[in-house]
Every structure is written in structure tokens, then in C-alpha cells.
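> Pasting a structure below so you can have a look.
FYI, it's all coordinate maths here, none of it is from the lab. Worth saying up front: this structure is predicted, and the values here are computed from it rather than measured. Neighbour counts run over all protein chains shown; Cβ positions are idealised from the backbone, glycine included.
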There are 2 protein chains.
Amino acid sequence: MKARAGLINTFHSEIETPVFMPVGTMGTVKAIENRELDEFNTKIILGNTYHLYLRPGMEVLKGANGLHKFMNWNNSLLTDSGGFQVFSLSSLKKVSDIGVTFSSHIDGSKHLFTPEKVIEIQRVIGSDIMMPLDECLPYPSEWKAVSKSLSRTHNWEKRCYEYFKNSESLYGYEQNLFSICQGSIYKDLRRQSMEVLSELDFKGNAIGGLAVGEKNEVMYDIVDYCTDFLSKEKPRYLMGVGTPVDLLECVERGIDMFDCVMPTRNARHGRLFTTYGEINIKNAKYHNDFNSPDEECRTYTSENFSLAYIRHLFMSKEILGFQLATLHNIGFYQNLMKNIREAIKQDKYLEFKKSFLEKYLSKN
Amino acid sequence: MKARAGLINTFHSEIETPVFMPVGTMGTVKAIENRELDEFNTKIILGNTYHLYLRPGMEVLKGANGLHKFMNWNNSLLTDSGGFQVFSLSSLKKVSDIGVTFSSHIDGSKHLFTPEKVIEIQRVIGSDIMMPLDECLPYPSEWKAVSKSLSRTHNWEKRCYEYFKNSESLYGYEQNLFSICQGSIYKDLRRQSMEVLSELDFKGNAIGGLAVGEKNEVMYDIVDYCTDFLSKEKPRYLMGVGTPVDLLECVERGIDMFDCVMPTRNARHGRLFTTYGEINIKNAKYHNDFNSPDEECRTYTSENFSLAYIRHLFMSKEILGFQLATLHNIGFYQNLMKNIREAIKQDKYLEFKKSFLEKYLSKN
């Protein structure tokens, strides 16, 4: 049992871990206001470098003195390097040791991301935690392809590190750079990756390349393997994960930080996370069900509106439906993380996990 | 100068007049939360009987014990009779003295609205202020057609009044019924309409059939004419109006209540009301304009976000753009009404109007 509670301090906030970071792709966590994120004591959110680079673009972000000021977010920001979106969203991408050229998914315009460039962009964004450029392979990939890609990723990460060390924050506060361990589901490659990266003094260590199609048990196993090697002194961040069950399993295996579009994206599809599992609010059975969607997880949504009302909003395609569902799901995730932290501090993590899952999975 | 400040008391709230009622068509003022309406001290909103009747429908509204409970709105609700939407939205409508049959704009299903039926529906909705069924003619219409229609409308309103008097609230609180004066732009018909309707003891009097295409000056003139005849003791409600300028002109002519989709609908099209006029936030000139959209009308939006940021949200089709624009426009309207009420009480209405319009129209 490697669950642990800790603190990350950035210029903008003190972040209690384990922490879930809502995804604010383009300078907004979709369909929720900053002050509503504050209601759940959200101390850090994530921005996507690829999206922000394309829109609003560097000129606007620089003019605004960074993303914090642009979106008026006063807590911490973590940005990815853009690599994942380049590999998943853009067409006509071409990878070489220099970097990756790609076409914008918006207007087809051509761009080049190098390790140095993505640090430069994140300097303009002004994120508290920056991520280095890495190559994101599809799943599954052969050992040999992963091994070859790993050399390139390590080279890119080193160049990011050097460029980071030799450049300065534009807005007068400290930014931090994490590493990203790759290696797909191959433990020997994961180990090699962690060893290479541990030679540089990154401020935290991320595990990338998981939750891309492999089975959950495989992901948990790789996480478990990695956290035995990653520094105990530094935050460990599992990128792009996950469901409430994933969070519980991976906290147990020593992860401190998570991000995922799931609570926000599912909300916009009418899928609400509740104490008794995920529900589809559009289901006809909620037509005249005037109960709260979640009596046990209290949010503005669950305290004020019924299943029938929220269903009506979704059936009528009312924007308020997206708002209320998003607010509830973010609340559900942040409430879960708060309970996780408290349970760890009270040395009752496994009991908490068991009792949470008993309810959460009871209707499956 | 007939501007006047007053109070309307319903079971759910005390409403200071002149009042602007945001439109909550289907059980939500689009893209804004109830608690945000409260920020602007909103004491009454409007619901549309036609829309609510079709979705969520009577069974759900009855099951919820009315619209207040369904949408968790604790202040007052006014509902129209559905007539206006039947005449403007539905196809295959057929009008007779009995009522109007129409096809749903959603699924084509056939329905009949009679005067009795629309009262019955509004009993189920549980609105604090109900409106009677009236025939809404297009503009322009010939005197003869309007005159003929007027007889039908008066007959329908009388039947509404009778049915209202002989039926009871379903939820234990008092509901009120207003009259609607019609007559298009013909003063003799308007006068006839007001005389006929004044024979019954409606709780308030609405002016319908304006803001349907006639020139503003014509509308103001008809309003001015009507308010000379309408009871001084009862609230006067100008339906479906209007721009900030319309509100100022019609308050001056003795109107107490307004409703209009303009602040909410325009918001969703990126049009923001500001102290210095209406702006289109998508305009390229706001690309890197980091000023507040309105330094002088303070809302969560204008206090926290720049023109450039809100523009970015609209260009990126982010839901938060709709939220922030809606919130600001509702705030702008409610702030205007508050200032109007204060100016009237201080006997400075015309000065206030002049100074408001000097700024509001300065960039035209």
C-alpha cells in the first residue's frame, strides 16, 4: 500500500495531494466558472499547450501576461507539452529527431514543435508546472518500436530540460518542469526510461503512455512497477487518468496527481458520477424521478435539482444541463479526492476504498 | 411623464417595479443558474406555457408540484398563455371561436388550446401571474381584421376569467390573472379593448401585440395612449419589450413590467450590452483588448474577464462564453431597472434617462 498524502507548493497555490486536476483545454474548464471550481477547493487545473498555441495563440497570451491572467485563474496551472494532441488530433504529422511537424486541426496550417519550442510556449503560457515534449505511440506498439521511440523521447526531454534551465519565466514567478516516463507496457523499457530521466533534476515525474487502450489491470501493474522506482521525494503524476476506480487503484499504488477529461466530457454527454455509480441522465426512467441525482455527494446540482429536471434540460438541449452536470461531476471528483486525502492521513485508506467501491459498484 | 415606482406582491416574492422579467422559456433562463439570477436580485422570471406544455409536459410538472419546485425557483413566475408561440412557432394552426388547434413544432403532434385549457395548464404550472389566451395577428394587419380578431380575443379572455374564477390553485397559494389589451396600432380599437377588459377584475393589465414589426415611435405612441386609460391602481405590463432604449421610453410612458429574450438571446450570439452601447464580442478588434467589457456595470463577467478572453471563448465555441455573456446581459438589464427605480423614487427619472442615453448612444 503506497498511498500517500502530501503537498505541492507553486507560486500560485498550495496543492494537497493526491490531487485531481480538471482539464481546462482552451483556457476554460468547459461549462464551469472559476468561482465554481473554487467551491470545490480546486487548487490546480490543466491547460493544453497544443490547443492554446493554436487558439488564442501566443500573441494574445503574451499580451495578457500569461494564461493565469487571461482566464483570471489565480491558482496553479499545469500544461502538457502538446505532444499528445499532435499525435492524436492533427493530421499530416511528421516526426524526426528535430521535433514534430503537424497541421492544425482547425485550419490545416503547418507548425513545428521542437523540445525547445514547447518550453518557449509554456513560458508564454506561464504554467506553474510544465511538461516536456515526448513521443506518444499508439497502443499496442511492438517492444522494438517503443524502444526506438524511447531514445527520441529521452533526447527530447533532455533538450527540454536544458532549454528550461537556460531560459527564464516571463512573468517573474518560478515555473517547474516535470519528466515523463514512457515505455508502454514493457517494464524493462519503463525502468530504462526512469533511470535515464532520474539523471536530471526534474521537479516531479509523470507516467505517460498509459490509459491508451491497455486493460486496466495492465495499467495498474505498470503504475505499481513505476512507483517503486520513481523518487519518493517528488510528485508522481499519472497522465490522462481516469475513472473513480482508476483513481483509487492508482492512489493505492503511489500516484499523487491525475488529470482527465472524464468528469467534464461525460457531463456534457449527460453522464453523471454519483455515489452509486455513473448514470445516464437521459434514461427514460428519470422522466418523473424527483429525487436528487446524489443524496450523498452534495453539490449545488444535487442539493437543488432533481433527476427529472436535469433530464428535462438535456432532452431540451438547454445549456444549463451542461452546466449543472459539469458542476456535479467536478464536485464528485474533488469530493472523492478530499475523502481520499483524509483517509490516507487517518491511515484508513483501504477501508475507505472498500466502502466507496461497495456503493459505487453496487448497481453494476 | 408617467414613470412610477411600485410594488407587486405575490405568494413567492415582493417585486419592485418597474421590473424586467428574464425569459425562462422551458424552465430555465438559458445559460444562467438560479443563484446567479439571485445575484441581481431577480424577483420574477417568465415561463412559456406553450413550451412547457410540450416539454417536460403536464404529467411531469404536476408530479413536481409545479414549475417553481421543478426548476427550484423560489421567487415569482409569470407565464404567458401560449398564444403567441402557437401563432409564431407552430404550423398547421387553425383558429376558431372555440380556440386554436396546432401542431407541435417538436414532433408535429396535434393539440388544442382553448381559453379554459390554457388556464388549466397554468394551474398545473402554478405561475404566480397567468395570462389569458389571445389571438396574435401579424403586423401589419388591416383595421377590419384587427377589429374582428379583437371580438374573439375578448371572448377568450372572458372565458379565461370565468374559468380562473371557478377553478383553484393546485398548490395552495394564490395565482393571479392579468388581461391582455390588443388592437394593433389602431387607437380606437385599443380603447375599445381596454374598455371591454376593464369590466372584469383582472389583477393587472398587459399590452400585447406590440414590438411585432411596427416602428419604435409608433409603439411608444400606442403605449402612451394605453397608459392613459389603463387603471392606475394595477400593474401595466408591456409584453415582449425590449431594448434598453425601449425600456426607458416605456417606463416614462407608465409601464411597470417588461419581458424580452433580448438580453439572453443576444448573449448567446455574442452581443453584450454595455454602458456604451451593444457590442459584438466576435469583432476582430477585441482580439487583444484586455479591458473589461464594461467598467461601469459590474458583474462577475465584467469584473473578472476581458474582452479578449470572452472573444476567445466565443471563437472557440466554449460554453463558458454563453454563460459569461448571459450573466453580464442579465446583470446589465437588472442594473438598469434598479437605477430606473431609484431615479423615479428620487424624482430624477428624466435626468437619469438623459445621462444613461448619452453614454449608451455615444458610439452610434
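> When Cβ neighbours within 10 Å are restricted to other protein chains, what is their mean count per residue of peptide B:279-288?
Mean partner-chain Cβ count within 10 Å for B:279-288: 1.
> Return B:S81, A:S231, A:S149, A:S198 ranked ascending by Cβ neighbour count within 10 Å, so the fewest neighbours appear first.
Fewest to most other Cβ atoms nearby, the residues stand as A:S231, A:S198, A:S149, B:S81.
> Based on the Cα atoms of segment A:1-78, what semi-axes does the equivalent ellipsoid have, where each is the square root of 5 times one gyration tensor eigenvalue, given in whole Å with the largest first?
Taking √(5λ) for each eigenvalue gives 24, 13, 12 Å, largest first.
> Indicate the gyration tensor shape class of chain A (rounded, prolate or oblate), computed on the Cα atoms with a ≥ b ≥ c the square roots of the eigenvalues: a/c under 1.5 is rounded; otherwise a/b larger than b/c is prolate and the rest oblate.
Prolate, since a/c reaches 1.5 and a/b exceeds b/c.
> Distances in nm, one decimal, shortest first, from A:D221 to the same residue in every other copy, taking the label point 7 angstrom along Cα→Cβ.
Here A:D221 shows inter-copy label distances of 8.6 nm.
> A:K338 versus B:E296, label points 7 Å from Cα toward the beta carbon: distance in nm?
Distance between the two pseudo-spin positions: 4.2 nm.
> Compute the Cα gyration tensor for segment B:95-195, then decide on rounded, prolate or oblate, letting a ≥ b ≥ c be the square roots of its eigenvalues: rounded whenever a/c is under 1.5, prolate when a/b is larger than b/c in the other cases, and oblate in all that remain.
Oblate.
> Further, regarding this structure: Sorted by packing (mean other beta-carbon atoms within 10 Å per residue), highest first, where do B:162-168, B:103-109 land?
B:162-168, B:103-109
> May I ask you to list the aspartates and glutamates whose Cα is less than 18 Å away from that of A:K348, ignoring any residue fewer than eight positions away on the same chain?
Cα-Cα hits under 18 Å: A:E16, A:E249, A:E252, A:D256, A:E358.
> Please label the shape of the protein assembly as shown as rounded, prolate or oblate, based on the square roots a ≥ b ≥ c of the eigenvalues of the alpha-carbon gyration tensor (a/c under 1.5 means rounded; beyond that, a/b larger than b/c means prolate, else oblate).
Prolate is the answer for the protein assembly as shown, as a/c is 1.5 or above and a/b outweighs b/c.
> With an 8 Å cut-off on Cα pairs and a minimum separation of 6 or more residues, tell me the relative contact order of chain A in percent.
17 percent
> Length gain on complete extension for the stretch A:S167 to A:F229, per 0.36 nm per residue less the alpha carbon to alpha carbon distance?
Gain on stretching A:S167 to A:F229: 19.4 nm.
> What average count of beta carbons from other chains do you get within 10 Å of the Cβ of residues in A:23-33?
So the per-residue partner count for this stretch is 5.
> Let me confirm one metric for peptide A:48-55, namely the mean number of other chain beta-carbon atoms within 10 Å of its residues' beta-carbons.
1
> Where does the protein assembly as shown land at 222 nm, in deg cm²/dmol rounded to the nearest 500, when only DSSP H runs of n ≥ 4 count, each adding -39500 (n - 2.57), divided by all residues?
Here the helix-only value at 222 nm equals -13000 deg cm²/dmol.
> Taking one equal scatterer on every alpha-carbon of segment A:75-136, how large is log10 of I(q)/I(0) by Debye at q = 0.12, 0.17 1/Å?
Values returned for q = 0.12, 0.17 Å⁻¹ are -0.28, -0.55.
> Along Cα→Cβ, 7 Å out, is where each label goes; now give me the distance between the ones at B:K2 and B:E358 in nm to one decimal.
2.8 nm
> What order do you get for A:91-100, B:61-70, B:215-224 when each peptide is scored by the mean count of other beta carbon atoms within 10 Å, highest first?
In descending order of packing, they fall as B:61-70, B:215-224, A:91-100.
> Continuing with this model, one more query. Sorted from shortest, what are the nm distances separating the label point of A:E199 from equivalent points in the other copies, each placed 7 Å from Cα along Cα to C-beta?
10.0
> Taking R0 as 25 Å, what FRET efficiency do you get between A:V218 and A:K345 from their Cβ-Cβ distance, rounded to the nearest 0.05?
For R0 = 25 Å, the calculated efficiency reads 0.25.
> Could I ask something else about it? Over 22 Å between C-alpha atoms is what I'm after, so list which of B:K30/B:K317; A:K69/A:K203; B:K94/B:K187; B:K117/B:K165; B:K2/B:K338; A:K94/A:K148 land there.
Details: B:K30/B:K317 16 Å; A:K69/A:K203 24 Å; B:K94/B:K187 28 Å; B:K117/B:K165 14 Å; B:K2/B:K338 17 Å; A:K94/A:K148 16 Å.
Result: A:K69/A:K203; B:K94/B:K187 exceed 22 Å.
> Say a label goes 7 Å from Cα toward Cβ at A:E14 in every copy; what distances in nm does this one have to the rest, shortest first?
Inter-copy label distances (nm, one decimal, shortest first): 4.5.
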